[in-house]
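What follows draws every value from the coordinates through simple rules; no lab data is involved. This is a predicted model, so every value here is computed, not measured. Note that we place each Cβ from the backbone using ideal geometry, even for glycine, and neighbour counts take in every protein chain shown.
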Amino acid sequence: MNSPDSSPAKPVSDVIVIGAGIMSATLGVLLKALDPSLTISGYERLDAVAAESSDAWNNAGTGHSAFCELNYTPERPDGSIDISKADKIAEQFELSKQFWASLVQEGQLPDPSAFIHTIPHMSFVWGDANVEYLRKRHAALLHSPLFKGMEFSTDPARITEWIPLVMDGRDPTQPVAATRMAVGTDVNFGALARALSDHLKSLPGVDLHLGHEVEDFRHKSDGIWRLKVRNLATGQSHIARARFVFIGAGGGSLPLLEKSGIPEANGFGGFPVSGQWLKCQNPAVIARHEAKVYGKPAVGSPPMSMPHLDTRQINGRKELLFGPYAGFSTKFLKQGSYTDLFKSIELGNIRPLLYAGARNLGLTKYLIGQVLQTPRERTAALREYYPEANPADWQLEVAGQRVQVIKKDKKEGGVLEFGTEMVTAADGSIAALLGASPGASTAVAIMLELVQKCFPARAASPEWQVRFRQLVPSFGQKLADDAALAAAVREHSREVLRLEA
Ligand SMILES: Cc1cc2nc3c(=O)[nH]c(=O)nc-3n(C[C@H](O)[C@H](O)[C@H](O)COP(=O)(O)OP(=O)(O)OC[C@H]3O[C@@H](n4cnc5c(N)ncnc54)[C@H](O)[C@@H]3O)c2cc1C
């Protein structure tokens, strides 16, 4: 690490969080709720909070509960449906809602309508095989209390009542099916991250520095991390010190993790996937749709590219988007550099990168196809979900950037993962979050896990255990196995977050 300028050393913080997206904001608020005496410093390279993936227009705002996302319920070779992942995702989102509800009750978060709204979550498919899959999926999910109330229909008239845009003008001979969960949500993760940050900044012992980029790390034998931080406005650097560091830099986490030098970082690589939406400009069309409708991903596409026609609530306005159309860019952040991917390649991850690349030629082909899509092809994709769509009503917008994790694998050499990966040092002094999916919805579950891993003694203490249960009443229990508890916590969160029944 090059020697930075000799500005007076700041006291050692208990915690430094890098990045001001939903993940760092959640961790900061959780830690302060557990121990108000902790000192926390935050560094964000942009001049605004939550301006990368967490911003409302950079993600889909789906409160991922596996109600509508078909990739969480794969079909087994024997034709049965595996719902274990769906149960996990649904449970994780219930933890998030419980935490947000507790913060609202404690006055730490403002009016919940600033960040969360009820919107039915639907899956929609066509063709005999897909209809059969959806029927089996629905039957399997009803065994779990987390999917109680899910409706299924193959009746075009019923589906038209639910989603007229999707059905109007559709070939009446086409077999179709849909499921509907009325208690789905749309979350403005940008507004939520900003509200969490505002609260955090108001607490004693917290400082947040915008326009400050973390460039390098060193862990000294005294157990303290030194971070080289550059003030992007002045160009000057200083050293920030902390006992614990969280790398919550979104797409920027991988390069920082590599610089940390911890052995656990070895072998990780990243594969960036960019995205675009079609955003509806016609208020009459926006008014006619009232659901998040997810379909089946195209063959060879990554799971997060499932097309969806999506009602949003952003800054008090109802909106409608369709997408995402995937793409490829070598940037790791939307506001990053085209050299990001190349700079992330090291001796330790070149083998996993090459192996994962060779094993995912289908994905590469799919992404190239998406990048080369013409406006006419994009409209054709939209019309699969909204047959009467008029391209003049839709505007193309760039979504957030995701960096999929590539991991060293003994058998395969390297594997491409589509989930979220938490990497922690053996001594628990630093943790990083890689990957993007299911993402912001699971921020609370991820941070609860992180706190228990990195602060094991304090997390096991009676004080923190009590506080965990105050903040997340079902903490330590499994909702999928306890129908009464699942119903009770869902109802409590619904009431406090003022969601519809
Ligand atoms: C197209 C798309 C659709 C999505 N849809 C959904 C969805 O429907 N539901 C859902 O739950 N999730 C969704 N996600 C995922 C979700 O957006 C992310 O998981 C989540 O926003 C990640 O939050 P974060 O705080 O880790 O990252 P970010 O919000 O990206 O924040 C990281 C911050 O770190 C800063 N930073 C980076 N490097 C440095 C550095 N060196 N120094 C200082 N600061 C730095 C960045 O500027 C940024 O502000 C989607 C993502 C995308 C891209």
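Annotation: lysines with alpha-carbon distance below 21 angstrom to Lys228 (same-chain offsets under eight excluded): Lys10, Lys220, Lys259, Lys343. Distant-in-sequence amide contacts of Gly21, defined by a placed amide H-H separation under 5 Å and a gap of 5 or more residues or a different chain, comprise Ala50.
Under the 0.36 nm per residue contour assumption, what length would be gained going from the current alpha-carbon distance of Glu132 and Val415 to full extension? All intermediate terms of the calculation are to be shown ahead of the outcome.
Details: separation 283, 0.36 × 283 = 101.88 nm, distance 3.12 nm.
Residue separation times 0.36 nm, minus the Cα-Cα distance, leaves 98.8 nm.
From largest to smallest, what semi-axes in whole angstrom does the range 1-149 give when each is the square root of 5 times an eigenvalue of its alpha carbon gyration tensor? If you can, show how the numbers build up before the last one.
Numbers: eigenvalues 332, 68, 46 Å².
Equivalent ellipsoid semi-axes, largest first: 41, 18, 15 Å.
Between Ile116 and Asn188, the built amide H atoms are under 5 Å apart, and every one of these is 5 or more places off in sequence or on another chain.
I'd like the Kirkwood hydrodynamic radius of the range 130-170, using the inverse of the mean 1/r over distinct C-alpha pairs, in Å. Kindly include the intermediate steps, with their values, before the conclusion.
On the way: mean 1/r = 0.0877 Å⁻¹.
Roughly 11.4 Å, rounded to one decimal.
The calculated 222 nm mean residue ellipticity attributable to helices in the chain amounts to -10000 deg cm²/dmol, summing -39500 (n - 2.57) over DSSP H runs of n ≥ 4 and dividing by all residues. Remark on Gly42: its backbone amide H falls under 5 Å from those of Val17, Asp207, Leu208, His209, a criterion applied only to residues 5 or more positions apart or on other chains, H modelled at 1.01 Å from N.
In whole angstrom, note down how far apart the Cα centers of the range 173-203 and the range 17-74 are. A separation of 12 Å, based on Cα centres. Cα centroids of the range 465-501 and the range 225-267: 36 Å apart.
Here the contact order of the range 39-179, divided by its residue count and restricted to Cα pairs under 8 Å and six or more residues apart, works out to 22 percent. Remark on the chain: hydrodynamic radius 23.5 angstrom, per the Kirkwood mean of 1/r across alpha carbon pairs. For the modelled label position 7 Å from the Cα of Ala457 along Cα-to-Cβ, which residues of the range 420-439 have backbone nitrogen atoms closer than 19 Å? From the range 420-439, the list is 425-431. When only the Cβ of Lys, Arg, Asp and Glu is charged (+1, +1, -1, -1), the dipole of the range 12-485 relative to its Cα centre reaches about 760 debye. Computed from phi, the 3J(HN,Hα) profile of the range 320-332 under the Karplus parametrisation 6.51, -1.76, 1.60 (θ = phi - 60°) reads 9, 10, 10, x, x, 8, 6, x, 10, 9, 7, 6, 9 Hz, with x in place of Gly and Pro.
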